[in-house]
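Have a look at the structure below before the remarks.
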Amino acid sequence: MEETTSEQDYAKWPPRLPPARWTWVRYSGWTRLWLGLLLLGMLLVYGLAAWLTPWDAKGAPLRHGVHEQLGLAPCLFMEKTGWLCPTCGMTTSFSHVMHGQWQWAWQAHPLGTMFAVVGWVLVLGLLWAVFRGSGPYLDDVACIAAGMIGLGLIIVVWGVRLLLQ
């Protein structure tokens, strides 16, 4: 017997996901260790950003290229094409944020500024998780969705920056 599709079947499409719930969980010792290492890594990034100098020799704020102070090569994409790469100015933006220069941080890379601020919120959450041993449970779908949204924002902002360049 052949299956037929009814109006009720179409009403069920697309399938609906259950509403997201924030559940609070206790973290194991190993999880707290990994979260602590992540916290140290983030603090290292912010420490390096504060240590870097986001100005040129004349004192004018830089818009990209601060990563070269770490011994890294200049942006190959920019050298070859003359266009900004999707992350050109990210390190510079972080450094401007750490020096309290919000306007220059935004001009260097808007998402760098936003990621720096969101990162500080994550640092506070990681401090809580490591020392209190509990925090929110995020399933894989939420983590993948957050990553995809971040990647999408990088691509959109890159396109806008290229148009304005």
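Any chance you could run the full-extension gain for Val141 through Lys80? It's 0.36 nm times the residue separation minus the Cα-Cα distance, nm to one decimal.
Details: separation 61, 0.36 × 61 = 21.96 nm, distance 3.74 nm.
So the chain would gain 18.2 nm between Val141 and Lys80.
Would you mind checking the tilt of helix 29-51 against the longest principal axis of the Cα atoms of the chain, expressed as 0 to 90 degrees and rounded to 10?
So the helix axis and the longest Cα principal axis differ by about 30 degrees.
May I ask for the angle, rounded to the nearest 10°, between helix 140-164 and the longest principal axis of the chain, with both axes built from Cα atoms and the value confined to 0 to 90°?
Approximately 50 degrees, to the nearest ten.
Calculate the spin-label point distance for Met42 paired with Ile154, positioning each point 7 Å from the Cα along the beta-carbon direction, and give it in nanometres.
Modelled inter-label distance: 1.8 nm.
Would you work out which of Gly100, Leu39, Gly125 lies farthest towards the positive end of the dipole of the chain, given +1 charges on the beta-carbon of Lys and Arg and -1 on that of Asp and Glu, about the Cα centre?
Final value for the positive-end residue is Gly100.
Scan around Val25 for amide H atoms under 5 Å from its own, H built in the peptide plane at 1.01 Å from N, and keep only partners 5 or more places away or cross-chain.
Answer set, sorted by chain and number: Gly135, Tyr137.
Let's see if you can work this out: charge +1 on each Lys and Arg Cβ, -1 on each Asp and Glu Cβ, no other charges. What is the dipole magnitude of the chain about its Cα centre, in debye to the nearest 20?
It comes to approximately 660 debye.
Considering amide H positions built from the backbone, and no H for Pro or chain starts, which residues 5 or more places from Trp55, or on another chain, come under 5 Å of its amide H?
The list, which skips near neighbours in sequence, is Leu62.
Taking N as the number of residues in the chain, what is its alpha-carbon radius of gyration divided by 2.2 N^0.38 Å?
So the Cα radius of gyration is 1.41 times the expected 2.2 N^0.38 Å.
Below 8 Å, C-alpha to C-alpha, sequence gap of six or more: please give me the relative contact order for the chain in percent.
27
Take the chain, connect every pair of alpha-carbon atoms lying under 10 Å apart with a spring to form a Gaussian network, then pick out the residue of Thr81, Thr113, Thr92 with the largest mean-square fluctuation.
In the Gaussian network model the winner is Thr81.
Just so you know, all these numbers are worked out from the coordinates, no wet-lab data involved. Here the structure is a predicted model, which is why all the values come from computation and not from measurement. Positions of Cβ are backbone-derived with ideal geometry, glycine not excepted, and every protein chain shown enters the neighbour counts.
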